[in-house]
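**Student:** First the structure, which I've put down as structure tokens, then a few questions once you've had a look.
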Amino acid sequence: MTTEHRPVLLNEVLDGLNIQADGIYIDGTFGRGGHSQAILARLNAQGRLFALDQDPEAITVGQALHQADPRFIIEHTPFMHLQKIVEAYQLQGKINGILLDLGVSSPQLDTPERGFSFMRDGALDMRMDTSTGEPVSEWLARATEQDIATVLKTYGEERHARRIAKAIVSARTQKPLTHTCQLAEIIRTAHPAWEVDRHPATRSFQGLRIFTNQELAQIESVLPQALAVLAQGGRLAVISFHSLEDRIVKRFFRDEAKGDPYPPNFPIPASMLNPTVRLVGKAVHPSDAEVAENPRARSAVLRIAERL
């Protein structure tokens, strides 16, 4: 594993997946392969691991791992296509575990050219898959003030979205917005209330990134697909990094564990509710020791469900 990317909640993920040595697993967010390599270490010669990622740089790393270990296969695709990949390999209902490590990876944040970080100056891009889609700079050049404000408020939970959107629209009339530090300075100047220990551009950059990559829609799409391809007793482990992600995962797991949505107090015994999963423990957070070693892990939340 490289030193630039530390897999979050690694031991907790491995334990939660309850890995069988000859099982079939999917890492839906390969990144730089930290979790994947640890899963492979627990598999025998018959075990298999499939990985998905939409980042071309991650695919390059994954292809090298494939050359070194034939038990591993990687596909260049967002995880919202998980079920199609499983069907292509004719593995429906045979998957023993799936991991989804949501959000942006450390290498993406640490590479200025990717445009994810307001701390390092680079092209204002933010696409996880740089081979397709529209960079943030192009969208900001044409978006209305209302549309920008809606994105910052909805996906960044930015309370001052209107004020920041107005500043962005005003600034782009003077000079095209092409770089991260340029946008961060506009937001910093426009933001009326800085939070303690948080850069004023944090929420806005989060909102733009989530919108650009349609991250929440992808999560909503992949969760039912994951359950559909899991074997009985197979487990789905999801790591979230902010409340918008975790809220979707928490509600999905809760509803699937509850079963059919009968009205409250309806005279139906629990045995007839047809739940599809059981929750495995409570939400797991990183230890103080892990946060001290890897501060980016501090907001991580791991939830695990087992297919019934």
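**Student:** Given a 1.4 Å probe and every protein chain left where it sits, what share in percent of the accessible area of the range 117-213 is carbon and sulfur?
**Tutor:** Within the range 117-213, the accessible surface is 49 percent carbon and sulfur.
**Student:** Okay, next question. Mind listing the long-range amide H neighbours of Thr77? Cut-off is under 5 Å, sequence gap 5 or more, other chains count too, H placed in the peptide plane at 1.01 Å from N.
**Tutor:** Asp53, Gln54
**Student:** Could you name the lysines whose alpha carbon sits less than 19 Å from that of Lys166, not counting residues in the same chain fewer than 8 places away?
**Tutor:** The reachable lysines, counting only those whose Cα sits under 19 Å from Lys166, are Lys153, Lys175.
**Student:** If you don't mind, another one. Longest segment of the chain with no trypsin sites (Lys or Arg not before Pro) in a DSSP loop having at most 12 other Cβ atoms within 10 Å? Present the calculation step by step, with values, prior to reporting the outcome.
**Tutor:** Working: sites that count: Arg198, Lys282.
The answer is 1-197.
**Student:** With a 1.4 Å probe and every protein chain left in place, work out the accessible area per residue of the chain in Å², rounded to a whole number. Walk me through the intermediate numbers first.
**Tutor:** On the way: 14960 Å² over 308 residues.
About 49 Å² of surface per residue is accessible.
**Student:** Among all the lysines, which ones have a C-alpha under 19 Å from Lys282's C-alpha, if same-chain residues fewer than 8 places away are not counted?
**Tutor:** Leaving aside lysines fewer than 8 places away in the same chain, those within reach of Lys282 are Lys250, Lys258.
**Student:** Right, another one. On a straight-distance basis, which lysines could pair with Lys94 in a cross-link, Cα separation under 17 angstrom, same-chain partners fewer than 8 positions away excluded?
**Tutor:** Reachable lysines: Lys84.
The values are calculated or read from the model by the stated rules, or taken from the named source; none is laboratory data. All values derive from a computational prediction rather than experimental measurement. In this analysis, Cβ positions are derived from the backbone assuming ideal geometry, glycine residues included, and neighbour counts consider all displayed protein chains. Side chains included, ligands, DNA and RNA excluded: accessible areas come from the protein's heavy atoms. Shrake-Rupley method; radii C 1.70, N 1.55, O 1.52, S 1.80 Å.
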